[in-house]
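Q: Mind looking over this structure? Questions follow.
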Amino acid sequence: MADEESSRKFLRVAVVGSGPSGFYAAEALLKQKEIGVQVDLFDRLPTPYGLVRGGVAPDHQKIKAVAVVYEKTAQLPGFRFFGNIKLGEDLQVSDLKMRYHQIVYAVGAETDRKMGIPGEDSPGSHSATAFVGWYNGHPDYRDQKFDLSSDSAAIVGVGNVAIDVARILAEDPEILAKTDIADYALEALRRSKIRTIYLLGRRGPAQAAYSPAEIKELGSLGVADLVVREDEARLDDASKTDYLDPENKKNVDYVQGLTKMGEGNKPKKIRLRFCVSPVEITASGGKLHALKIERNRLTVDENGRAKPIGTGQFETLPVGLVFRSVGYRGAPIPGVPFDLKSGKIPNQEGRVLSADSKSPCVGEYVVGWAKRGPSGLIGTNRADSVATVKCMLEDALAGKFGWETASFDQRSSMDEFLRQNRRRFVSFSDWKKLDQIEIEEGKKKGKAREKFSRVSDMLGILDSTVGTA
């Protein structure tokens, strides 16, 4: 049996990105029975799980628990994890092509879209991405500074991320103290003076991108009233089709119910506004002072979608902080085709397409937000990754590249290659040690975990406890 296993041919796959889509791709590859597969999963951070760790709000611990599923995948035979390795810097696409039959890009959409208005780059104007990463202890954002000394803040956008930002700003910090929120963020929120938070949507309540569960959670906070204007919650003719969707109907019915509640009597107010667009941010002396908005009316475009059109009626909100949450886009990777217009890796059913010929790049695939754009919830990525893996297996079985004659030693050489090039990588067993330390430190403070938020600290503790990888 051992001789049979050692002589077996394996499909060797490199998956770049260890968020949900990357883990779901690894799971689908390792659990299928058609071909023997070995998967190496790479991530630029020492920690796995992507947005589950660095994007899901700290008070949503049940959602973060999906990491247990990914951990089971990591225990499957043929799986390896290489953390702290960035494609394009620590190794190149050409390095992967020399050692793997197929490459899967699961790199997500790491940059945010801009509003494109005057004053957007003023101090006090930030992306929601940066704030989310900051309170989650993401190494890229842990040193960001946010001025929480003003009375009011505005969030442009009404998707789930915008709702999360509003909730974290409004929530009682002592409730957050029991979560895995970054310690420095918790202390800053304890000192926060913000009492009014504006949530601004370009279109109406029937087109809002938040989920019914998220908006209801926001309306259930013990310290803040969710306030909606009756005139802005009212549906117009352009929204009739959208209202037929069950999820949209739930959203509309809920916010229309809120209009009857008035201002409420809680110390903080979250003012949910519809059919308004930001047009200018004003700041002086290094401080943001106001956000000018324009009222919109809705019309139906040629595709039957509700489209906002400015009315020329303006309003100025006296805010000292603005967060934009108007969408995300991918970032180019050296050696990987990229569509600048859509912010995605060009592909056909997950097969990466050449930027020039538009024909499939043999052995290269994409999953998740880098494939379809920033849409769906965490679970949406499973079906998406499974669909791409199906194409990968079809190509392998059709013999579209010479994987059957390749040497198994090529995959094994990745460890040696990284060491020879002095690239410090983190294995999954290394991560589990970090994971346990975070949990133990969190228990001492009554928290779910106390995260490491600097890569140097992560590597330092590993070097001091288990030596180099």
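Q: Looking at 386, 322, 336 in this structure, which one is over 30 Å from residue 163 (Cα atoms) and of a type in the set (A, V, I, L, M, F, W, C)?
A: It is 336.
Q: So, one more: Out of 83, 88, report the one residue that is of a type outside the set (A, V, I, L, M, F, W, C), surrounded by 22 or more Cβ atoms within 10 Å (Cβ to Cβ), in the same structural domain as residue 346 (by TED's automatic domain parsing) and touching a Pro at 6+ places or on another chain (Cβ under 7 Å).
A: Just one listed residue meets the conditions, 83.
Q: Hey, among 208, 185, 213, which residue is touching a Phe, Trp or Tyr at 6+ places or on another chain (Cβ under 9 Å), among the aliphatic types (A, V, I, L, M) and either more than 21 Å from residue 134 (Cα to Cα) or outside the structural domain of residue 130 (by TED's automatic domain parsing) (or both)?
A: Just a single option satisfies the conditions, and that option is 208.
Q: Hey, among 312, 304, which residue is on the phi > 0 side of the Ramachandran plot and part of a loop (DSSP other than H, G, I, E, B)?
A: Within the list 312, 304, the selection yields 304.
Q: Show the residue pairs that are 6+ apart or on different chains and have beta-carbon atoms under 7 Å apart, the first residue being within the range 61-72 and more than 15 Å from residue 136 (Cβ to Cβ), the second being assigned to a helix (DSSP H, G or I).
A: Listed by first residue and then by second, the contacts come to 66/52; 70/23.
Q: Then there is this: In the range 216-272, which residues are part of a loop (DSSP other than H, G, I, E, B) and among the polar types (S, T, N, Q)?
A: Those that are part of a loop (DSSP other than H, G, I, E, B) and among the polar types (S, T, N, Q): 220, 265.
Q: Which of the residues that make up the range 241-252 are exposed (fewer than 14 other Cβ atoms within 10 Å of the Cβ) and aliphatic (A, V, I, L, M)?
A: 244
Q: May I ask you to list the residues in the range 400-434 that are in a loop (DSSP other than H, G, I, E, B) and at pLDDT below 80?
A: 400, 401, 402, 406, 407, 408, listed by residue number.
Q: Something else about it: Specify which of the listed residues (366, 300) is under 27 Å from the mean Cα position of the chain (by Cα) and either in contact (Cβ under 8 Å) with a residue 24 or more places away in the chain or under 30 Å from residue 195 (Cα atoms) (or both).
A: Exactly one residue qualifies, and that residue is 366.
Q: Let me ask another. Based on what the data block shows, is residue 78 over 21 Å from the mean Cα position of the chain (by Cα), in contact (Cβ under 8 Å) with a residue 40 or more places away in the chain and on the phi > 0 side of the Ramachandran plot?
A: It is true that residue 78 is over 21 Å from the mean Cα position of the chain (by Cα), in contact (Cβ under 8 Å) with a residue 40 or more places away in the chain and on the phi > 0 side of the Ramachandran plot.
Q: Same structure, new question: So which of 464, 385, 456 ends up being assigned to a helix (DSSP H, G or I), modelled with pLDDT of 95 or more and not assigned by TED's automatic domain parsing to the domain that holds residue 72?
A: Exactly one of 464, 385, 456 is assigned to a helix (DSSP H, G or I), modelled with pLDDT of 95 or more and not assigned by TED's automatic domain parsing to the domain that holds residue 72, namely 456.
Q: Could you go through the range 68-76 and let me know if any residue there is more than 18 Å from residue 428 (Cα to Cα), surrounded by fewer than 21 Cβ atoms within 10 Å (Cβ to Cβ) and of a type in the set (Val, Ile, Thr).
A: There is no residue in the range 68-76 that is more than 18 Å from residue 428 (Cα to Cα), surrounded by fewer than 21 Cβ atoms within 10 Å (Cβ to Cβ) and of a type in the set (Val, Ile, Thr).
Q: Residue 59: more than 15 Å from the chain's Cα centre (by Cα), outside the structural domain of residue 141 (by TED's automatic domain parsing), of a type outside the set (Gly, Ala, Ser) and under 30 Å from residue 155 (Cβ atoms), yes or no?
A: Here the answer is yes, as residue 59 does meet what is asked.
Q: Confirm whether residue 238 is under 25 Å from residue 279 (Cβ atoms), surrounded by fewer than 23 Cβ atoms within 10 Å (Cβ to Cβ), under 24 Å from the mean Cα position of the chain (by Cα) and at pLDDT below 95.
A: no
Q: If we keep just the residues of the range 281-296 that are buried (at least 17 other Cβ atoms within 10 Å of the Cβ) and in contact (Cβ under 8 Å) with a residue 40 or more places away in the chain, which is nearest to residue 147 (Cα to Cα)?
A: Among residues in the range 281-296 that are buried (at least 17 other Cβ atoms within 10 Å of the Cβ) and in contact (Cβ under 8 Å) with a residue 40 or more places away in the chain, the one nearest to residue 147 (Cα to Cα) is 288.
Q: Of the residues that sit in the range 306-345 and are among the basic types (Lys, Arg) and surrounded by 14 or more Cβ atoms within 10 Å (Cβ to Cβ), which one is farthest from residue 278 (Cα to Cα)?
A: So the residue we want is 344.
Q: Hey, can you tell me all the residues within the range 141-185 that are of a type in the set (A, V, I, L, M, F, W, C) and part of a helix (DSSP H, G or I)?
A: Within the range 141-185, 161, 162, 163, 165, 166, 168, 169, 170, 175, 176, 185 meet the criteria.
Q: Mind telling me which of the residues 172, 151 ends up being surrounded by fewer than 16 Cβ atoms within 10 Å (Cβ to Cβ) and under 19 Å from residue 218 (Cβ atoms)?
A: 172
The values are calculated or read from the model by the stated rules, or taken from the named source; none is laboratory data. Keep in mind it's a predicted model, so treat the numbers as computed, not measured. Backbone-built Cβ (ideal geometry, glycine too); neighbour counts: all protein chains shown.
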